[in-house]
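I have placed the structure first, in the form of structure tokens, so that the comments after it can refer back to it.
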Amino acid sequence: MGVKENSIFSQIIEGKIPSHKLYEDEFVFSFLDVNPQSPGHALVVPKEPAKTLDELSEESAEAIGRVLPKISRAILKATRTKEFNILQNNGPNAFQSVFHVHFHIIPKIPGGPGLEIPFVTSPLDQDEARSLTAEIRKNLD
Ligand code: AMP
């Protein structure tokens, strides 16, 4: 399953670097982030050492999808919060700093700590939307 590599998360999964482990199964490992944006901020990581989400196998993707809600629920209960963000960065310009796929679960405390994003948006151009939709659909396999 993928080429052996040595990211810090692979070393955590292998127990070579300590972590506050929350969950583990055959495909997935989860632990607290060492620099939390809010209490309970955790990472959910596939054991497969894919660098970015687009490189991840369906098997690992399914396994992550299955456990994200369950781990989120446990974090919400434990931190007595109701709101949270899932953050998943791919590539250095998209704020990825560890090149091993991971999903952040970040509890959001109203008016308090949690993820802050300055969303920059502009209205969808209809011509561009039509051509992008066609191009993207063509590339789904
Ligand atoms: P990203 O910017 O999406 O690549 O996020 C990487 C995350 O990994 C950051 O939030 C770091 O705080 C976290 N991180 C890096 N090293 C460790 C570690 N040894 N244990 C726990 N979290 C870590």
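Assorted remarks:
- Residues that are surrounded by fewer than 10 Cβ atoms within 10 Å (Cβ to Cβ) and within 11 Å of the ligand (Cβ to nearest atom) within segment 85-123 comprise PRO92, ALA94, PHE95, SER97, listed in sequence order.
- Test: ILE17 is aliphatic (A, V, I, L, M) and surrounded by 20 or more Cβ atoms within 10 Å (Cβ to Cβ): no
- Residues that are within 15 Å of the ligand (Cβ to nearest atom) and either within 12 Å of the chain's Cα centre (by Cα) or of a type outside the set (D, E, K, R) (or both) number at least 3 in the following strands (runs of 3 or more DSSP E) confined to segment 1-70: 28-32, 42-46.
- Residue check: VAL101 meets all listed conditions (1) of a type outside the set (Phe, Trp, Tyr); (2) under 19 Å from ASN6 (Cα atoms); (3) assigned to a strand (DSSP E or B) but one, namely (3).
- In segment 11-28, the residues that are under 15 Å from SER60 (Cα atoms) reach residues that are in a helix (DSSP H, G or I) and of a type in the set (D, E, K, R) with C-beta atoms within less than 7 angstrom, at least six apart or across chains, in these pairs: PHE27/GLU59.
Bear in mind that the values in this text are calculations on the coordinates, not laboratory data. Everything numeric here is computed off the predicted structure, so don't read it as measured data. Please note: Cβ atoms are built from the backbone with ideal geometry, for glycine as well, and neighbour counts cover all protein chains shown.
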